[in-house]
Amino acid sequence: MFGGSGSCEHTSAAKGADRRSFLRNAGLAGAGAVALGPLTAGAASASTAPASAAASASRGRWNPDTESLRFTLAVMPDTQFLYWGSQGSVNPDPQAASFRYVIENSGTASDDNIVFLAHLGDLTEDGDPVSFKYVGQTYDILDEAGVAYSVLAGNHDVSGDDTRGTTPYLQTMGPQRYSKSPTFLSADSSGYNTAHVFRAAGREWLLLALDWRTSTAGFDWANAVIKAHPTLPVILTTHEIAGTPYDDNVYPYQAGDPEDNASLSSYGQTVWDNIIKDNDQVFLTLNGHYWPPGRTTMQNAAGHDVYVHITNYQNRYFGGGGMLRLYHFDLSRDTIDVETISPWILAQKPEERNVLAAQDAELTSAVDYFSIPMNFDERFASFAPVPSRPSRPAKRMLVPGTLAYWRFDTGQADGSAVAAGTTIKDQSGHGNDLSTLVTVPGSAADALTWSTQHHPDQPGHGSLSFAGGQNPLHGAYFTTGANAPLNTETFTKGYTIELFFNIPLDWDASNNSWMSALSRWGEASQAGKTGENTDPDEPVATLSFSGDREPQWNCYPTNATFPSTNWGQTLFEDEWWHVAIVNDGKHTVMYLQGCPTVDNPTLRESIGITTLGLPWALGGYEYNGSINQIFHGFIGDVRIVNRALSVDEFMIAT
C-alpha cells in the first residue's frame, strides 16, 4: 500500500550559494520574501496577490545549448496545493520562481543547461476553472520566454480516463497551448496524451506525457508515436506508475535500499505492460501522485534497465514550494546526476528563511540527491547504435614531418600468431620498418598475435596483442632494423610520438610493471649521462608503465646529462587509450585522449632525444644491455613525427 494524495551525483552543495546569488539578482527574492518572511505569514502573504507572479515575469528568453554533452531535464511534480481556487487559496509564487529558474538556467551561461521542463500532473487541487485560470497565468511565464515544456492531467485535475471529453484542464492546458512550440510533436485525438521531441547532446529525445488514466486508444497512439521514431530514446511521464511501500513519517523519508524502494502500482503495471515492457527505447519513467519519493530499476523484455522514479513533494512545506527535480545528463561521463531544489526558497537569504523552509531548500536524502551510472551508447545500441568511425587510409595520416607510421590492420585472422620473419612496414615510406621480430625462448605460441581490437578513433582497425611479462621473462617484441634512419634521428626541433594501447584485466603489477610500449635502446651511461635522477642502465628513451599503470615518458635529451620525465595518471584496465608525447623543441607535454596531463617539466628545457644509433623497440624494454621486460596488452597504430603537433592534428582527431 502506497502513501499518496488521498484519492488518488550531481551538482555539489556549494552550488547552492551560486544559485542564491543568481536568483536574488534575477529578481526572485522579492516574491520569495513576501511569502517566506515571518514563521507563520507565508500562505497569507502569498495569497494576497495571486496574479503577481505572472505579472512580474522575467522577460528573458529560454536558450538551451542543444549540442553540449551536458544538459538538464527539469521535472516538476504535483503543485496542486498552490491552486485550490474553490477554497479561495491561490499561491503561484513558488511555481513562478521555478519557472524563472528554468528560463535563466538554460544555455551555455549556466551549468544546468535546462532543455525541457516536464510537469507530472495534479496542477490543481480541485480541477476548478478558477484554479486553472491562475495556472494558465503562471504558465504564461514559460510561453512568453519560449520554454519547451509538457504537462499532463492528474487525478485532481480530471476524473475518468482520457475519453472524458472537455474539461477546464483541457481548455486551459491542452495541446493548443503549446502547439507552436518547436518541441511539440503531436497529441492524440483526446488531447490528453502528448508527445514532445527536444534536442540535447546533439541528438533528439522523445518525451511522452500520458494522461492519469490512458485508454486502449491512448496506448495505441503512444506506441505508434514510438514506432514512428524508432531511433529516439524515450522518457515516459505520467501521473501514476510506481509508489513506495514505506511510511514517510521519518525525515528524510527513506528506508532500505534507496535504489530499490519502489514498485509498480496496479495501474502502473498496466502502463508497463502496454507501453514500457516491449519498447526498448523507453529508458526512464517519471511519475508523481504518491509520496514519499522513491525509485527502482526494472528490466524490460530485452533485458535492459528501465529507471522508474517517483518524485512528489506536495506533502512538504508550502505544498512542496514549487520544487524542481533536476536530471543532469552528462554524456561525457555516462552519468545522470539528480538533485532536488526549491528555487523559491533558495532565493531567500538563509537567515531570512523560516524553519520549515530551511529544511526544504535543497533535499539531500538518498531518494532526492543521487547519481545513475549509465552507458548511453550501450543502452541505446539496440535502436540507435553509434556508427563506428571507419578506418582511414595510411596516407591520410602522413602529416608533414612523419618519420614512421606503423599499423597492424593486415587482414590476418584475429588471434592468429605473428609468424617468425614478419615485417611491419613503415607506412611513411622512410624505411623505418619494424623488421626484426624477437621471441624469448620458451614463450608460448601466442606470445604475440594479431588482433582486430582497436581504439574507436584509431585510423587502422587492428592491433598487436602482446602476452609478455618478466616472472619469468616471456613474450615477443619488434625492433627497427639496424640501419633504419629513425635510429639516428635526434629530434632537436621537436617531436610528437603517438600510439594507441589497451592494458587488459589480467595485467599484474608484480609481473608487468615497467613494461614499455616503445623505447629507444642504448644505456644512459653509454651516452655519457650522469646527472641527477639518472639510472645508468636504463634506455635513453622509453614510454613505460609503472606498477600503478601510470604512463611515464622518460627521455635523456641532447642538452642535458639528466632525464626529462613526464607522467600520466593511473589508467583503467580493459580500455583503449591514446597517448601523445609532444616536444616543441624546448619542453615536452604528455597527452592522454588529447588531454594534457599534470606532471610535465616546464622549468627545464628538454631538447631532442639522445641517440646511440641503436634500434627502437615496440613492446620490449632493455636494461643494462639485456631484454628485461615485455609489454602485456594491445598496441595499435604508432606514429612518430619530427615536430610538435597540435591536438587537432593527433590521430584521434584527423
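The values are calculated or read from the model by the stated rules, or taken from the named source; none is laboratory data. Source: prediction; values computed, not measured. When we count neighbours, we look across all protein chains shown, and the Cβ atoms used for this are built from the backbone with ideal geometry, even at glycine.
Filter region 345-371 down to the residues that are of a type in the set (A, V, I, L, M, F, W, C) and surrounded by fewer than 20 Cβ atoms within 10 Å (Cβ to Cβ), then identify the one that is farthest from Asp330 (Cα to Cα).
The selected residue is Val355.
Out of Thr534, Thr561, report the one residue that is touching a Pro at 6+ places or on another chain (Cβ under 8 Å), surrounded by fewer than 19 Cβ atoms within 10 Å (Cβ to Cβ), within 14 Å of Thr610 (Cα to Cα) and in the same structural domain as Asn512 (by TED's automatic domain parsing).
One residue alone meets the criteria, Thr534.
Quickly run through region 517-530 and pick out the residues that are within 28 Å of Pro400 (Cβ to Cβ) and either among the polar types (S, T, N, Q) or assigned to a loop (DSSP other than H, G, I, E, B) (or both).
Ser519
Which residue pairs have Cβ atoms closer than 7 Å, lie 6 or more positions apart in sequence or on different chains, and pair a first residue in region 387-401 that is in the same structural domain as His461 (by TED's automatic domain parsing) with a second residue that is of a type in the set (Phe, Trp, Tyr)?
Listed by first residue and then by second, the contacts come to nothing, as the list is empty.
With Tyr101, Tyr83 as the choices, which residue is more than 22 Å from Ser181 (Cβ to Cβ) and either surrounded by 18 or more Cβ atoms within 10 Å (Cβ to Cβ) or among the aliphatic types (A, V, I, L, M) (or both)?
Result of the check over Tyr101, Tyr83: Tyr83.
Among the helices (runs of 4 or more DSSP H) lying completely within region 332-403, list those that include at least 3 residues that are farther than 30 Å from Thr231 by Cβ and modelled with pLDDT under 95.
355-360
Looking at this structure, is His156 in the same structural domain as Gln359 (by TED's automatic domain parsing), within 30 Å of Thr364 (Cα to Cα), in a loop (DSSP other than H, G, I, E, B) and touching a helix residue (DSSP H, G or I) at 6+ places or on another chain (Cβ under 8 Å)?
Yes: the conditions hold for His156.
If I filter region 537-554 down to residues being in a strand (DSSP E or B) and over 35 Å from the mean Cα position of the chain (by Cα), which single residue comes out as surrounded by the fewest Cβ atoms within 10 Å (Cβ to Cβ)?
Checked region 537-554; the qualifying residue surrounded by the fewest Cβ atoms within 10 Å (Cβ to Cβ) is Val540.
Which one of these does Thr402 not meet: (1) surrounded by fewer than 16 Cβ atoms within 10 Å (Cβ to Cβ); (2) among the polar types (S, T, N, Q); (3) out of contact with any helix residue (DSSP H, G or I) (no Cβ under 6 Å at 6 or more places or on another chain)?
It fails just one condition, (1).
Just to check your reading of the model, which residue among Gly268, Gly322 is closer than 14 Å to Val75 by Cβ and more than 26 Å from the chain's Cα centre (by Cα)?
None of the others qualify; the one that does is Gly322.
Please determine, by comparing only the residues of region 79-112 that are assigned to a loop (DSSP other than H, G, I, E, B) and at pLDDT 95 or above, which one is nearest to Thr238 (Cα to Cα).
Among residues in region 79-112 that are assigned to a loop (DSSP other than H, G, I, E, B) and at pLDDT 95 or above, the one nearest to Thr238 (Cα to Cα) is Thr79.
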